[in-house]
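A.B. asks: Before I ask anything, here is the structure I am working with.
The values are calculated or read from the model by the stated rules, or taken from the named source; none is laboratory data. This one's a predicted model, so the numbers in the text were calculated from it and none came from an experiment. Cβ coordinates were reconstructed from backbone atoms using ideal geometry, including for glycine residues, and neighbour counts include every protein chain displayed. Please note that ligands, DNA and RNA were not included when accessible areas were found on the heavy atoms of the full protein model with its side chains. Shrake-Rupley method; radii C 1.70, N 1.55, O 1.52, S 1.80 Å.
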Amino acid sequence: MIWNETMECMSREEMRKLQSIRLRKVVERVYHNTTFYRKEMQALGIVPDDIQSIEDIVKLPFTEKRHLRDNYPFGLMAVPMSEIVRLHASSGTTGKPIVVGYTRKDINIWSEAVARCLTSNGITKNDIVQVAYGYGLFTGGLGAHNGVETIGGTVIPISSGNTQKQIQLMHDFGANALACTPSYALFLAEKIRESGIPIGEFQLKTGVFGAEPWTENMRKELEEKLNIKAYDIYGLTEICGPGVGGECECQNGTHLWEDFFYPEIIDPQTLNPVEAGQQGELVFTTLTKEGMPMIRYRTRDLTTLHYDKCLCGRTAVRMDRILGRSDDMLIIRGINVFPSQIESVILELEEFEPHYLIEVDRINNTDTFQVQVELRQQYYSDEMSRILALKKKITSHIQNVIGIQPEIKIVEPFQLARSEGKAKHVIDRRKLE
């Protein structure tokens, strides 16, 4: 199913024309209404007339998260506060939060973007969607909520947490779809199993998961435990929130709604665009946002873009799964390590639960690298020989994938912390020194 066929299936030539028109407008807006962007452009010797087409975007300055913090709270707004109808903020754990303002038009466009994602997941006005993303300053809850209402579906606005109530209402209200982080969905699956209510008594058929990177193996795990079809939804607070892109039924990449959010892939070291189909850092420019437009915002997400037409009929560009973040990448003894690589290995081994914690430290000028993994109940044993064999097995698998040997610590079932929001998988103590 397609929500907006005109935009989602537009020819590449027509899309470039539309993007060019919208880019010129947004550059005019920020140059005249946002001191930060005017100064950045002037420093590069650029005026709005220098931007005539979407190809000229490479002339524009990049925006980074530090710029949002430096202009906290409202320094990047491009309209008077009287036109801002809502504020959201990131859930950052350090420093000032990232604050984003939306006009009424911005909210409507955001709702449209989420509606496209939900429709591509097969969700219709006849479905009941349990929104277990956090409500409030975090964009997840209200973003998903507005999208469900836009397509005419029924929302259960339960927010995150209160897991027993989640399960009760999911069962009693007959929720067809669940929208939350994949790590919380996994936690819910565990609690449903513990509740004794057969999964067959639930009416769930679809999961809409995002707000944190997850793997294909995690998808299989969720689909099996919840008896659903699991879809990825992509977004970030700085651009709008969830709905920047989503998977279709083909699940051959995440379609990005490039009439609203123009994507680029750059080399994170040189900042130059990479060749089509090559991996690099994802950069977005908001083409329609009024309240707080973003020009070439560096997401730090590492991925690849594909422009060939999808089998679903959409021409909207497709993004590979996020490998990781350029600023989340761990360099351990000179080797680049992404948590997603370790997660993939763990999920391939039937003996282990998909819960893990990576701890990195530096002792006597040498990096230490420990991975804590949790055994499934049926494989747990107090026989040291069996535990040592499993430790050897997972150590070998991880080393084959990342090229470095970790110290493995196997823990008993249910010993690692569960998350009701974004899961924390890495503790890098080297950064705390």
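A.B. asks: Based on the Cβ-Cβ distance of Gln251 and Glu212, what FRET efficiency does E = 1/(1 + (r/R0)^6) give at R0 = 22 Å, to the nearest 0.05?
C.D. replies: With R0 = 22 Å, the Cβ-Cβ based efficiency is 0.75.
A.B. asks: HN-Hα J couplings of segment 341-356 from phi, Karplus 6.51/-1.76/1.60, θ = phi - 60°, integer Hz, Gly and Pro as x?
C.D. replies: Here the 3J(HN,Hα) series is 5, 5, 4, 4, 5, 4, 6, 7, 9, 5, 6, 10, 6, x, 10, 7 Hz.
A.B. asks: Using the basic label-point model (7 angstrom from Cα toward the beta carbon), what is the Ala417 to Phe74 distance in nanometres?
C.D. replies: Between Ala417 and Phe74, the simple spin-label model gives 3.6 nm.
A.B. asks: Can you list residues from other chains, or at least 5 along the same chain, whose modelled amide H is less than 5 Å from the amide H of His255?
C.D. replies: The answer is Gly246, Glu247, Cys248, Met319.
A.B. asks: Same structure again: Taking the solvent-accessible surface of protein heavy atoms with a 1.4 Å probe, what is the per residue accessible area of segment 122-212 in Å²?
C.D. replies: On a per-residue basis, segment 122-212 sits at 36 Å².
A.B. asks: Which value, in debye to the nearest 20, gives the size of the charge dipole of the chain about its Cα centre, when Lys and Arg are +1 and Asp and Glu are -1 at the Cβ?
C.D. replies: 760 debye
A.B. asks: If you don't mind, there's one more thing I want to ask. Bin by bin, in steps of 10 Å, what percent of the Cα pairs in the chain do you find, going until the bin that has the longest distance?
C.D. replies: The calculated distribution, bin by bin, is 4, 20, 30, 26, 15, 4, 1, 0.
A.B. asks: Return the distance in nm (one decimal) between the two label points of a simple spin-label model at Lys105 and Lys17, each offset 7 Å from Cα along Cα→Cβ.
C.D. replies: Roughly 2.1 nm, to one decimal.
A.B. asks: Diagonalise the Cα gyration tensor of segment 24-170 and give the resulting equivalent ellipsoid semi-axes, square root of 5 times each eigenvalue, largest first, whole Å.
C.D. replies: Result for segment 24-170: semi-axes of 36, 19, 13 Å.
A.B. asks: Apply 1/(1 + (r/R0)^6) to the Cβ-Cβ distance of Glu275 and Asp382, taking R0 = 51 Å, and write down the FRET efficiency to the nearest 0.05.
C.D. replies: For R0 = 51 Å, the calculated efficiency reads 0.40.
A.B. asks: For every other residue with a beta carbon closer than 14 angstrom to the beta carbon of Glu8, add +1 if it is Lys or Arg and -1 if Asp or Glu, then tell me the sum.
C.D. replies: Result for the neighbourhood of Glu8: -2.
A.B. asks: A follow-up question, please. I'd like the carbon and sulfur percentage of the solvent accessible area for the chain, probe radius 1.4 Å, heavy atoms only, ligands and nucleic acids excluded.
C.D. replies: 48 percent
A.B. asks: Using the Cβ atoms and a cut-off under 13 Å, what net charge is assigned to the surroundings of Leu226, where Lys and Arg are +1 and Asp and Glu are -1?
C.D. replies: Working: positive: Lys191, Arg193, Lys205, Arg219, Lys220, Lys225, Lys229; negative: Glu190, Glu201, Glu221, Glu223, Glu224.
Residues near Leu226 contribute +2 overall.
A.B. asks: Using modelled backbone amide H atoms (1.01 Å from N, in-plane), which distant-in-sequence or interchain residues come within less than 5 Å of Ile156's amide H?
C.D. replies: The list, which skips near neighbours in sequence, is Val129, Gln130, Val131.
A.B. asks: Here is a follow-up. Given a 1.4 angstrom probe, what's the average accessible area per residue across segment 1-103, in square angstrom?
C.D. replies: Numbers: 5440 Å² over 103 residues.
Heavy-atom SASA per residue in segment 1-103 reads 53 Å².
A.B. asks: Whole-Hz Karplus ³J(HN,Hα) for segment 96-102, in order, using 6.51 cos²θ - 1.76 cosθ + 1.60 and θ = phi - 60°, x for Gly and Pro?
C.D. replies: 6, x, 7, 9, 10, x, 10
A.B. asks: While we're on this one: Would you grab the residues whose amide H sits under 5 Å from the one on Thr368? Only those 5+ places off in sequence or on another chain, please, with H modelled 1.01 Å from N.
C.D. replies: Asp361, Arg362, Ile363
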